[in-house]
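Chemist: Before we start, here is the structure in question, set down as structure tokens.
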Amino acid sequence: MNYDIIIVGAGPGGIFAAYELTKENTDLKIAVFEAGNPLDKRKCPIDGDKVKSCIHCNPCSIMSGFGGAGAFSDGKYNITNDFGGTLYEYIGKEKAIELMKYVDDINMKFGGEGTKLYSTANTELKKVCMQNKLKLLDASVRHLGTDINYVVLENIYEVLKDKVEFKFRTPVTMIEAIEGGYNIITAVGAYTCKKCVVSVGRSGSKWIEGICSDLGIETQSNRVDIGVRVELPAVLFSHLTDELYESKIVYKTEKFEDKVRTFCMNPKGSVVTENTNGIVTVNGHSYEDPAKQTDMTNFALLVSKHFSVPFKDSNGYGESIARLSNMLGGGVIVQRFGDLIRGRRTNKKRMADSFAKPTLNAEPGDLSLVLPKRILDGIIEMIYALDKIAPGTANDDTLLYGVEVKFYNMDVKLNENLETSYKGLYMIGDGSGVTHSLSHASASGVFVARDILKS
Ligand SMILES: Cc1cc2nc3c(=O)[nH]c(=O)nc-3n(C[C@H](O)[C@H](O)[C@H](O)COP(=O)(O)OP(=O)(O)OC[C@H]3O[C@@H](n4cnc5c(N)ncnc54)[C@H](O)[C@@H]3O)c2cc1C
């Protein structure tokens, strides 16, 4: 065998698996195959000047490379079983929290020290939400910020690079089961290993689907979350963000009893574009460094959809909606809430007259031509509900960017060790469908590393 262990994907799942496997300086021979670039070579060409919107690089520097999709993220590590994945269903709630705390300790050791840990425990805001038909979910949130998150990754790489062989710009094309292990096939050659940890995240969703189908590993379709990113003056949400930083709030609509939830809140942050397999959607982040902060706060409002029979391609549904917005707006569309309610397009003039200044240069347009009525109605209802706990949310100048789509990988059938039906072939992180967040993905990496070390 060329290696004892090959890890596919250098996102948080892969990185933390590699860290834990090498922590005690074992003699294991480990390689990490990553489709993207090393951290210092990851650069999105959008500069708002010469390159204004996504030019579909391959690999996409936002989603791929050392650090994975999380490298330029806001670095919010949510320590909770309430959202961010279903790791606890495999390993138990206590273990899942213990591992997320362990990941937090490592992040502190590698440069995160001094960053703030927020908590919903004992907050009065829970009651205020309840009084207004909203539910605040429980969590502790470590906010590293985009800048510190990058430093932590740099420091972890410095330690790992001498213990693990990194092969960047080397996408794995196929995995074959062979006697005593696996044959990992790439464009530049095939490598054998005894055990393989697959952690390819959301950008590897199509690929992992193919691998599971080739190997006969059972999968189940997952949900897709569709909605918009809301941006408003930071001061309107400051009573929530100062205390909790990120509040995960759920609302049940009166019209359809659908659940709409807030997601990825970025106080004083910026709205950004995201490219998943060529489809441009919207996201957001914020910096810990006050010098890089803005006057605006952004967060997503999402509605989950899960299809089963006869159509079960939930991600395909989300993709079609995102493609529609890409077709009409050339990428991301932005609309003032007041224009949406009045049934008219936001144009350049209305945008220029707006009190709220957008942090992303998106095309002014009409989101009602893109989002299905049921989803849009839910979002509008929730904006009015949020207006009761944060007056001003439903102002005419509140900006809505669309579309935001959270693609979820299908669920791979795994045992309680996150191992597939093939002994020694593990699937972890967002790629497995088990996790949807930095903390859960990282914890899943630590968990399988310990399982491998045990054996
Ligand atoms: C802009 C943005 C902001 C975010 N903010 C937050 C946040 O604040 N908090 C939070 O909890 N989550 C956030 N997320 C989500 C978070 O980044 C992911 O949940 C997390 O990165 C998942 O980790 P992972 O290791 O499973 O996969 P990923 O981070 O997606 O890493 C997978 C890696 O595998 C590589 N890969 C894919 N296919 C192959 C292949 N065939 N061969 C080799 N390599 C391959 C990819 O290039 C990628 O580098 C954000 C995501 C984005 C895009």
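The values are calculated or read from the model by the stated rules, or taken from the named source; none is laboratory data. Everything quoted here is computed from the prediction, not taken from an experiment. Backbone-built Cβ (ideal geometry, glycine too); neighbour counts: all protein chains shown.
Chemist: Taking the stretch 16-42 only, how many residues are within 15 Å of the ligand (Cβ to nearest atom) and assigned to a loop (DSSP other than H, G, I, E, B)?
Modeler: Residues flagged as within 15 Å of the ligand (Cβ to nearest atom) and assigned to a loop (DSSP other than H, G, I, E, B) within the stretch 16-42 amount to 6.
Chemist: For the condition more than 28 Å from Y77 (Cα to Cα) and polar (S, T, N, Q), what is the one hit in S421, S437?
Modeler: S421
Chemist: Yes or no: the stretch 387-402 includes at least one residue that is out of contact with any Asp or Glu (no Cβ under 9 Å at 6 or more places or on another chain), farther than 22 Å from F355 by Cβ and of a type outside the set (F, W, Y).
Modeler: No - not one qualifying residue is present in the stretch 387-402.
Chemist: Oh, and also: Would the stretch 176-188 turn up any residue that is modelled with pLDDT under 95 and more than 25 Å from the chain's Cα centre (by Cα)?
Modeler: Among the residues of the stretch 176-188, at least one is modelled with pLDDT under 95 and more than 25 Å from the chain's Cα centre (by Cα), which makes the answer yes.
Residues are listed down the side, and each one gets a yes or a no for (1) surrounded by fewer than 24 Cβ atoms within 10 Å (Cβ to Cβ); (2) free of Cβ contacts under 8 Å to residues at least 40 places away in the same chain; (3) in contact with a strand residue (DSSP E or B) (Cβ under 8 Å, 6 or more places away or on another chain):
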| position | (1), (2), (3) |
| --- | --- |
| I5 | no, no, yes |
| P12 | no, no, no |
| T22 | yes, no, yes |
| T26 | yes, no, no |
| R42 | yes, yes, no |
| K52 | yes, no, no |
| P59 | yes, no, no |
| G70 | no, no, no |
| Y77 | no, no, yes |
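Chemist: Additional query: Scan the stretch 283-306 for residues that are within 17 Å of I383 (Cα to Cα) and of a type in the set (S, T, N, Q) and report the count.
Modeler: 3
Chemist: Could you list, in sequence order, all residues of the stretch 43-95 that are at negative phi, near the ligand (Cβ under 7 Å from one of its atoms), at pLDDT 85 or above and outside any loop (DSSP other than H, G, I, E, B)?
Modeler: Across the stretch 43-95, the qualifying residues are A69, K76, Y77, N78.
Chemist: Can you tell me which residue within the stretch 419-432, out of those that are in a loop (DSSP other than H, G, I, E, B) and either surrounded by 24 or more Cβ atoms within 10 Å (Cβ to Cβ) or of a type in the set (S, T, N, Q) (or both), is nearest to the ligand (Cβ to nearest atom)?
Modeler: Ranking the candidates gives G429 first.
Chemist: Something else: Name the one entry in T253, T262 that is surrounded by 17 or more Cβ atoms within 10 Å (Cβ to Cβ), within 16 Å of the ligand (Cβ to nearest atom), polar (S, T, N, Q) and over 23 Å from G68 (Cα atoms).
Modeler: Numbers: T253 fails: within 16 Å of the ligand (Cβ to nearest atom).
Step by step, each of T253, T262 is checked, and only T262 is surrounded by 17 or more Cβ atoms within 10 Å (Cβ to Cβ), within 16 Å of the ligand (Cβ to nearest atom), polar (S, T, N, Q) and over 23 Å from G68 (Cα atoms).
Chemist: What strands (runs of 3 or more DSSP E) lie completely within the stretch 157-273 and have 1 or more residues being without any contact (Cβ under 8 Å) to a residue 60 or more places away in the chain, acidic (D, E) and on the phi < 0 side of the Ramachandran plot?
Modeler: 172-178
Chemist: Let me ask something additional. Please give the number of the condition S203 fails out of (1) more than 15 Å from the ligand (Cβ to nearest atom); (2) at pLDDT below 95.
Modeler: For S203, the exception is condition (1).
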